[in-house]
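Chemist: Pasting in a structure now, in structure tokens, and then I'll have a few things to ask.
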Amino acid sequence: MVDPMAILQTLWTGLGASTYLILFSVAFALVLKVVKIWNFAQAGLMSLSFYVMYAGYNFLHLPMWLNIAIGFVFTAAGCIILEKYGFETLRARKSPGLTYFILTLIVSYFLFYLLAMIFGTEPVSLRPSILSSVIIVQGIVVTHWELMAIPTTILILVFLYLFINHTRQGKYIEAVADNADLAKIHGINTQRTWLITFVLTAMLITAGMYLLGMRALIIPETPIQMMLFAVIATLLGGMGNIFGAAIAALVLSITQGLSIFVIPSQWQGSMLYLFLFITILFFPRGVNFRRQKK
């Protein structure tokens with residue numbers, strides 16, 4: 001019989017681990033919703049964001065808040081360059097969707113190789129040790145990293161929700177997501193809206209890589225598996241539903257953690273592929289997380 005405390009501990013740990021996965025999933029879902037592109041360049045931008053923060057902290061010895069700000073600037077710049085000189089060019093040429101997909105893969109792998117040449121392939125983290133001090137709460141081990149990561153993720157999601165639903169630019173994002181051509185006819189600057197979308201994506205990526213970098217060892221290609229998770233969460237949450245992707249990422253993370261009680265550890269690596277298979281086969285349109293109107 002499984003110890004109830006072990007289950008509670010796994011649930012809490014899974015909640016903590018879901019934080020950066022939620023941010024990556026929302027970033028991917030946001031671009032897919034608004035720009036209509038499966039942006040696998042996000043993996044390369046995730047590596048870029050991490051290594052900029054890593055260099056600032058370990059080589060230049062800058063305070064962490066400044067490293068995060070610089071990481072965001074570099075990531076946003078990368079996103080904007082990709083939009084202006086990549087996607088915009090392909091749109092002008094009326095390129096097929098496969099061309100966008102190939103471009104994003106090329107960008108990611110170019111950044112992987114470039115960062116590997118500069119920083120090497122040894123696993124590194126944002127701080128000398130990935131161990132975090134702990135406290136015991138009713139028998140549950142709680143790390144200070146979790147106490148920082150969970151509120152940070154909640155605040156970012158609340159900000160994104162308020163921005164999209166209660167600002168003029170947020171309404172423009174929704175309009176462009178629904179129909180970019182119609183939005184343009186009504187005077188909405190679609191190019192500016194896409195750029196703002198990518199800036200929001202850069203915020204999510206930078207925050208996620210900061211949280212991951214404080215907890216785990218990373219190599220340039222680490223984000224590949226994170227991207228697979230983001231794709232599954234986006235599909236399961238329903239394409240076009242960015243907060244559905246967040247809920248799906250949370251459920252997937254906790255489910256993956258609980259699976260240790262029924263699936264041997266050596267098979268854990270296959271869980272993501274199992275999730276992807278089940279999602280494509282049984283939930284191609286995602287799961288409706290919204291309440292049905294009567």
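Each value in this text was obtained by applying a stated rule to the coordinates, not by laboratory testing. Since the model is a prediction, treat every value here as computed from it, not as a measurement. Quick reminder, even Gly has a Cβ in these numbers, built from the backbone with ideal geometry, and neighbours come from all protein chains shown.
Chemist: Please say if the range 69-194 is rounded, prolate or oblate, where rounded means a/c under 1.5 for a ≥ b ≥ c the square roots of the C-alpha gyration tensor eigenvalues, and otherwise the choice is prolate for a/b larger than b/c and oblate otherwise?
Modeler: Values: a/c = 3.16, a/b = 1.43, b/c = 2.21.
It comes out oblate by the Cα gyration axes.
Chemist: For the chain, what is one quarter of the convex hull surface built on the Cα atoms, given in nm²?
Modeler: Numbers: hull surface 72.3 nm².
Average of the hull's projected areas for the chain equals 18.1 nm².
Chemist: Just to be sure I follow the rule: in the chain, considering lysines 8 or more places apart or on different chains, how many pairs have Cα atoms under 22 Å apart?
Modeler: Lysine pairs meeting both conditions in the chain amount to 12.
Chemist: May I pose another question? Which value in deg cm²/dmol, rounded to the nearest 500, describes the helix-derived mean residue ellipticity at 222 nm for the chain, given -39,500 (n - 2.57) per DSSP H run of n ≥ 4 and division by the residue count?
Modeler: Numbers: 12 runs with 204 residues, N = 294.
Only helices count here, giving -23500 deg cm²/dmol.
Chemist: Leu211: net charge of surrounding residues, Cβ under 13 Å, Lys/Arg +1, Asp/Glu -1, itself excluded?
Modeler: +1
Chemist: In nm, give the distance between the simple-model label positions of Met5 and Asp181, each being 7 Å from the Cα along the Cα-to-Cβ direction.
Modeler: 6.3 nm
Chemist: Tally Lys and Arg at +1 and Asp and Glu at -1 over the other residues with C-beta under 13 Å from the C-beta of Ile164: what net charge comes out?
Modeler: Values: positive: Lys33, Arg168, Lys171; negative: Glu174, Asp178.
Summing Lys and Arg as +1 and Asp and Glu as -1 gives +1.
Chemist: Within 10 Å of each candidate Cβ there may be at most 16 other Cβ atoms; applying that plus a DSSP loop requirement, which chymotrypsin sites (Phe, Trp or Tyr not before Pro) in the range 1-109 survive? The partial results should precede the final answer.
Modeler: Details: sites: Trp12, Tyr20, Phe24, Phe28, Trp38, Phe40, Phe50, Tyr51, Tyr54, Tyr57, Phe59, Trp65, Phe72, Phe74, Tyr85, Phe87, Tyr100, Phe101, Tyr109; in loops: Trp38, Phe40, Phe59.
For chymotrypsin sites (Phe, Trp or Tyr not before Pro) across the range 1-109 that sit outside H, G, I, E and B with at most 16 neighbouring Cβ atoms in 10 Å, the list reads Phe59.
Chemist: Where does each of Arg91, Arg192, Arg215, Arg168 land when they are ranked from fewest to most other beta-carbon atoms within 10 angstrom? Intermediate results must be reported in sequence, preceding the final value.
Modeler: Details: Arg91 16, Arg192 12, Arg215 22, Arg168 7.
The fewest-first ordering by Cβ neighbours comes to Arg168, Arg192, Arg91, Arg215.
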